[in-house]
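Heads up: the structure comes next, in structure tokens.
The values are calculated or read from the model by the stated rules, or taken from the named source; none is laboratory data. Being a predicted model, the structure only gives us computed values, none of them experimental. When we count neighbours, we look across all protein chains shown, and the Cβ atoms used for this are built from the backbone with ideal geometry, even at glycine.
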């Protein structure tokens, strides 16, 4: 990891530095995500929200009222698959951008055991060796990528049903629904962790920066590396 520090102070300076650099110290803050990373993150989020709002009225009559947000159910049926394509493309860009940082290190595999996960969720886990992304975040990343692949593959079949046999169409409908439900659960958990559970986390995706105290508490190994305390 490249370690750098800017000998200056001020939150605005930190935001400016975060336009094209990250993992640098600016006064009392650390730039965690540069602007391109944040743009990719919110591109995936925005396209998924459009998919969600246009897909729910198609999925069940209970959400038909949502179709009025887009001018009617017919327009939702047209827009939903195209929004899905943009979501898939955004997810692909996210994969290329972050895949290298989301590989599991040997010592992190045991961290993903149910007992270790519960310790983490209850804040009883020893996280002194947690780098920029902890194993839970890495697992969530790969689940999101797999979900995007599942939604795209099943969505293409549903978009062009005449091109596939009946059994494939039926399995695709089932896969699309199950993947959607699980992905919404994943995103809900992601939002919870990034807001109420760990205050300051969402800040890293809006401004790009976190406080030194936040980094030291949640990602101590990354904090030591950025501060030049560990190679």
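Taking the stated definitions as given, is residue 85 under 20 Å from the mean Cα position of the chain (by Cα), at pLDDT 95 or above, exposed (fewer than 15 other Cβ atoms within 10 Å of the Cβ) and assigned by TED's automatic domain parsing to the domain that holds residue 159? No, not satisfied. Of the helices (runs of 4 or more DSSP H) lying entirely inside region 136-223, those carrying at least 2 residues that are free of Cβ contacts under 8 Å to residues at least 40 places away in the same chain and not assigned by TED's automatic domain parsing to the domain that holds residue 19 are 166-192.
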